Amino acid sequence: MEFSINASPKILFPYIASASGLAQWFCDDVRLDPDHRLDMVWDKQSHYAEISSQRPGRSIRYVFLDELKRPLADANYLDFILESSGITDEVFLRVTDYSDQPDPVEMQELWEGLVGKLREQVGG
């Protein structure tokens, strides 16, 4: 999915790449453990993830782990990529949500709501 956001990548990147930024729009809470794994909390349930790749200021991938913080064979992951249009000066957040969510309409609604919260945070 791709969403236009009226903010620069420099402003947006901390919201997609830091525990405090993610907690403002994406989850109820995000904690970083001593091993640099993230504990993303929704509805008082922990979901562990680690950063598998990152291009500072541009993209980040979170790969989800099992309850014991171990890698899974066909793990769910989230990619956040920031892209700028040189022609229109628009900034786009491209989201790839690889998960077992079977309903694409529900998934679209979920992400529209989350990105709406992100836009409120960044003023865009």
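The values are calculated or read from the model by the stated rules, or taken from the named source; none is laboratory data. Remember, it's a predicted structure, so these values are computed and weren't measured experimentally. So basically every Cβ, Gly included, is an ideal-geometry build from the backbone, and we count neighbours across all protein chains shown.
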Criterion first (small (Gly, Ala, Ser) and part of a helix (DSSP H, G or I)) does Gly57 satisfy it? no
Quick test for you: out of Leu93, Leu72, Leu110, pick the one residue that is touching a helix residue (DSSP H, G or I) at 6+ places or on another chain (Cβ under 9 Å) and modelled with pLDDT of 90 or more. Leu93
Leu82 vs. criteria in contact (Cβ under 8 Å) with a residue 40 or more places away in the chain, part of a helix (DSSP H, G or I), within 14 Å of Ser8 (Cβ to Cβ) and touching a helix residue (DSSP H, G or I) at 6+ places or on another chain (Cβ under 8 Å): no
Checklist (1) of a type in the set (Val, Ile, Thr); (2) more than 22 Å from Pro34 (Cα to Cα); (3) in contact (Cβ under 8 Å) with a residue 40 or more places away in the chain applied to Ile87, failing item: (3)
Kindly indicate the residue of the stretch 33-42 that is in contact (Cβ under 8 Å) with a residue 24 or more places away in the chain and assigned to a loop (DSSP other than H, G, I, E, B) and also surrounded by the fewest Cβ atoms within 10 Å (Cβ to Cβ) among those meeting that condition. Asp35
Checking the condition in contact with a Leu (Cβ under 9 Å, 6 or more places away or on another chain), among the polar types (S, T, N, Q) and within 24 Å of Arg94 (Cα to Cα), which residue from Ser59, Ser52 passes? Ser59
Tally of residues being in contact (Cβ under 8 Å) with a residue 12 or more places away in the chain and part of a helix (DSSP H, G or I) across the stretch 1-32: 10
Looking for something loosely packed, with under 11 Cβ neighbours inside 10 Å and free of Cβ contacts under 8 Å to residues at least 12 places away in the same chain - is there at least one such residue anywhere in the stretch 43-63? yes
Looking at Thr96, Thr88, which one is more than 13 Å from Phe13 (Cα to Cα) and surrounded by fewer than 10 Cβ atoms within 10 Å (Cβ to Cβ)? Thr88
Output the residue which, of all residues in the stretch 16-49 that are out of contact with any Phe, Trp or Tyr (no Cβ under 7 Å at 6 or more places or on another chain) and of a type in the set (Val, Ile, Thr), is nearest to Leu93 (Cα to Cα). Val30
